[in-house]
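A short worksheet on the structure shown next.
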Amino acid sequence: MPLTTAPRPVLRSFRVLASNGQNRGEAVGSKMRLEVQQEIEFGLGVPDVEGAPLMLAVRIKLDAKATNENDASDVPAYAGEYEARFYYPTDVTEDTVTPLLDDHEYQYILVAQAFPLAMTHFRRELQAMGLDARELPLGLDPAR
């Protein structure tokens, strides 16, 4: 099925599932190297109730560790886990959606809506901990 005619769910909710960080070192004037790892998962929720819509969850896990070039014992870290919930129209079936979830472009369309929300929160939390996160991208790189 071409993506132009593929059923598109609507983003109905976005929330922070988990948030944990620490920075016990000196944040001011320290030169830090920030490394970020991401993990993105999809899950299709099939309702038990007749007539209820299919739900698709996109979970984004972001982990950051900073290393202080002057003090190896100073390792600030922050981890955030986010969930975006998308709902399909009630006439869309599991058989229609399941093959689409293996399509990279279809996945990209969904993640591209949720990732900027997750990254905005993630960057704010890093900056609140005294880490410079201005260079982290808010969006996705379409080439990846």
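Considering all different alpha carbon pairs of the stretch 1-119, the Kirkwood hydrodynamic radius works out to 16.5 Å.
Stretch Ile109-Lys61 to full length: gain in nm at 0.36 nm per residue minus the Cα-Cα span?
The Ile109-Lys61 span can extend by a further 15.5 nm.
Which three numbers, in whole Å and largest first, are the semi-axes of the equivalent ellipsoid of the stretch 58-144 derived from its Cα gyration tensor as √(5λ)?
34, 13, 11
Just to confirm a number: summing +1 for Lys and Arg and -1 for Asp and Glu over residues other than Gly80 whose beta-carbon lies under 9 angstrom from that of Gly80, what do you get?
-2
Please give the helix 104-128 orientation as an angle from the longest Cα principal axis of the chain, in degrees from 0 to 90, rounded to the nearest 10. Between the helix axis and the principal axis of the chain, the angle is about 30 degrees. With a cut-off of 12 Å between beta carbons, the residues surrounding Leu44 carry a summed charge of -3, where Lys and Arg count +1 and Asp and Glu -1.
Report, in cubic angstrom per residue, the convex hull volume of the C-alpha atoms of the stretch 96-142.
Taking only Cα atoms, the stretch 96-142 has a hull volume of 71 Å³ per residue.
Any read-out appearing in this document is the output of simple, stated calculations on the displayed coordinates, not a laboratory observation. Just so it is clear, the structure is predicted and the values come from calculations on it, not from any experiment. Positions of Cβ are generated from backbone atoms using ideal geometry, with glycine treated the same way; all protein chains shown enter the neighbour counts.
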